[in-house]
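*Asks:* Here it is: the structure, laid out below.
Please treat every number below as a calculation from the coordinates, not as lab data. Quantities reported herein were computed from a predicted structural model and do not represent experimental measurements. Here the Cβ positions follow ideal geometry from the backbone for every residue, glycine too, while neighbour counts run over all protein chains shown.
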Amino acid sequence: MSQDPYKTLGVDKKADAAAIKAAYRRLARQYHPDLNPGSPAAEEKFKELSEAYDILSDEEKRREYDSLGPEAFYERGFGGAGYQRPDFSGFNFSEIFGDLFSHARPGRRGGRRPFQASRGQDLSYALTISLKEAAFGTEVGLDLNLAQPCAACQGQGLVSAGGGVRPCPACHGQGLVSRAQSLKAKIPAGLNSGQKVRLKGKGEPGQNGGPPGDLLVEVTVRPDPVFTRQGRDLGVELSVSLYEMLLGASVSVPTLTGRAALKVPAGTQNGTRMRLKGQGFPAAGREKAGDLYVTLKVVLPVKLDAEALALVERLAQAAPI
């Protein structure tokens, strides 16, 4: 009878090799015949899992299955020969899949077979910071749940019981337990949205003595209510009165560190863009400090009395545009 190996292992069709292997290891622990003695249902389920893994762990077989679908794959795949199921008859499951278990049955020739060491998986964490934090860097606290080796079984997922082994009741055979942890992450200055900070060794623990994975902190810079950003340069709009634009003035401009003075020449036009050198993102490493570009927006008087209107009319006659 044909089966869908993706459904059997409970993985997505886009799952990578690591995800497929992890799913198989998890389910194989649960249904392994050595841990379910006298259970034909567990043995049959274990065979189904192993068959699914045989298909998805082999690139050629997986391509053939994805191309043909279940029925055609089993009946007409591989040039018409169909898929050849692994022959499990007469095989000792503990010896075939010994890499899943760190404990062999007592008295079996060959003794214990150790797990193969493997690196822990990398984890992701989404972090949102302000524009100022992105400019100068910051240190933030991260509260998250991280997997740790189970203390009851030393991360093996199995415990001795009655001369044999059984899944660890503390971690349900997973070898890992989830615990709340707080970490400190240093965010370097000058990051853009989408960039990641790698915290080495802060991901999932490795298996069987393997190194831990890393924690990848993906940074999003929150839109700022005052500044826009282009690389290391910043932009800001500044409202300036009609009189300051006509007569010239020194105006105060907001910056990341406070305020700075900007000299507006007499007769400056609305929408003029002026630069304050070095007032953008600060210098970092080999990169120079960015600049702050100020776009001037004229503010017109709202209410004019008769005298003011007369003055405006005289100005219009004296200095027509």
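*Asks:* By how many degrees, 0 to 90 and rounded to 10, does the Cα axis of helix 17-31 deviate from the longest principal axis of the chain?
*Replies:* Computed tilt is about 40 degrees.
*Asks:* For residue 296, what is the net charge nearby, where nearby means another residue's Cβ is under 14 Å from its Cβ and Lys, Arg count +1, Asp, Glu -1?
*Replies:* Once all neighbours under 14 Å are counted, the net charge is +2.
*Asks:* Using just the helices of the chain, give the 222 nm mean residue ellipticity in deg cm²/dmol: DSSP H runs with n ≥ 4 each add -39,500 (n - 2.57), and the total is spread over all residues, rounded to 500.
*Replies:* So the calculated ellipticity at 222 nm is -7500 deg cm²/dmol.
*Asks:* Working only with C-alpha atoms, what are the Rg and Dmax values of the chain, expressed in angstrom?
*Replies:* 33.8, 111
*Asks:* Also: Considering the convex hull of the alpha carbon atoms of segment 228-318, report its projected area averaged over all viewing directions, in nm², one decimal.
*Replies:* With the hull built on Cα positions only, its mean projection is 6.9 nm².
*Asks:* Report, to the nearest 10°, how far helix 40-56 tilts away from the longest principal axis of the Cα atoms in the chain, using its own Cα long axis and a range of 0 to 90°.
*Replies:* Long axis of 40-56 versus the principal axis of the chain: about 50 degrees.
*Asks:* Still on this structure, please answer the following. Taking the 0 to 90 degree range and rounding to the nearest ten, how far is the long axis of helix 59-68 tilted relative to the main principal axis of the chain, both from C-alpha atoms?
*Replies:* 80
*Asks:* Need the full-extension length gain, residue 237 to residue 224, defined as separation in residues times 0.36 nm minus the C-alpha distance. One decimal, nm.
*Replies:* 3.4 nm
*Asks:* Tell me the net charge near residue 4. Cut-off is 13 Å between Cβ atoms, residue 4 excluded, with +1 for each Lys or Arg and -1 for each Asp or Glu.
*Replies:* For residues surrounding residue 4, the net value is -2.
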